[in-house]
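J.: Before we start, here is the structure in question, set down as C-alpha cells.
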Amino acid sequence: MTKRYLEFKDAKSKKFWEVSVAGKTVNIRYGKLGTDGQSSVKVLSTPAEAESHAEKQAAGKLKKGYKEV
C-alpha cells in the first residue's frame, strides 16, 4: 500500500491532500487542516493502474505548491 500526505499553506488557506492505494483502489482525502476532510474512492482495473493514477494526482498537487509532510 502506498500513502502520500501533502499540505498547502499560504496567507489565505491551509489545506491537506492525501492519497492511498490498496490493490486496485485509490482513496483520496482532502480538506482544510484540522478537519477530517472529504474522501473520494476510485477503483481501477489493475493495481499498477491504481499506483500510476495516484502518482499522477500527487504530481499535480506538487506542481500547485503542495509540500510532502
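J.: What single numbered condition from (1) over 14 Å from the mean Cα position of the chain (by Cα); (2) open to solvent by 90 Å² or more (accessible area, probe 1.4 Å) fails to hold for Glu49?
T.: Just one mismatch for Glu49, condition (2).
J.: Note down all Cβ pairs under 7 Å where the first residue falls in the stretch 49-69 and is at negative phi, the second is open to solvent by less than 80 Å² (accessible area, probe 1.4 Å) and hydroxyl-bearing (Ser, Thr, Tyr), and they're at least six residues apart or on different chains.
T.: Listed pairs, sorted by first residue: Ala50/Thr25; Glu51/Thr2; Ala54/Thr2; Val69/Tyr5.
J.: When residues of the stretch 1-21 are filtered for being open to solvent by less than 60 Å² (accessible area, probe 1.4 Å) and out of contact with any Asp or Glu (no Cβ under 7 Å at 6 or more places or on another chain), how many remain?
T.: Within the stretch 1-21, residues that are open to solvent by less than 60 Å² (accessible area, probe 1.4 Å) and out of contact with any Asp or Glu (no Cβ under 7 Å at 6 or more places or on another chain) number 7.
J.: Would it be correct to say that Leu62 is open to solvent by 50 Å² or more (accessible area, probe 1.4 Å), aliphatic (A, V, I, L, M) and either outside any loop (DSSP other than H, G, I, E, B) or out of contact with any Cys (no Cβ under 9 Å at 6 or more places or on another chain) (or both)? Full working, then the answer.
T.: Details: open to solvent by 50 Å² or more (accessible area, probe 1.4 Å): yes; aliphatic (A, V, I, L, M): yes; either outside any loop (DSSP other than H, G, I, E, B) or out of contact with any Cys (no Cβ under 9 Å at 6 or more places or on another chain) (or both): yes.
Spelling it out, Leu62 is indeed open to solvent by 50 Å² or more (accessible area, probe 1.4 Å), aliphatic (A, V, I, L, M) and either outside any loop (DSSP other than H, G, I, E, B) or out of contact with any Cys (no Cβ under 9 Å at 6 or more places or on another chain) (or both).
The values are calculated or read from the model by the stated rules, or taken from the named source; none is laboratory data. Since the model is a prediction, treat every value here as computed from it, not as a measurement. Note: ideal-geometry Cβ built from the backbone for every residue, glycine included; neighbour counts use all protein chains shown. Only protein heavy atoms, including side chains, enter the accessible area calculation; ligands, DNA and RNA are left aside. Shrake-Rupley method; radii C 1.70, N 1.55, O 1.52, S 1.80 Å.
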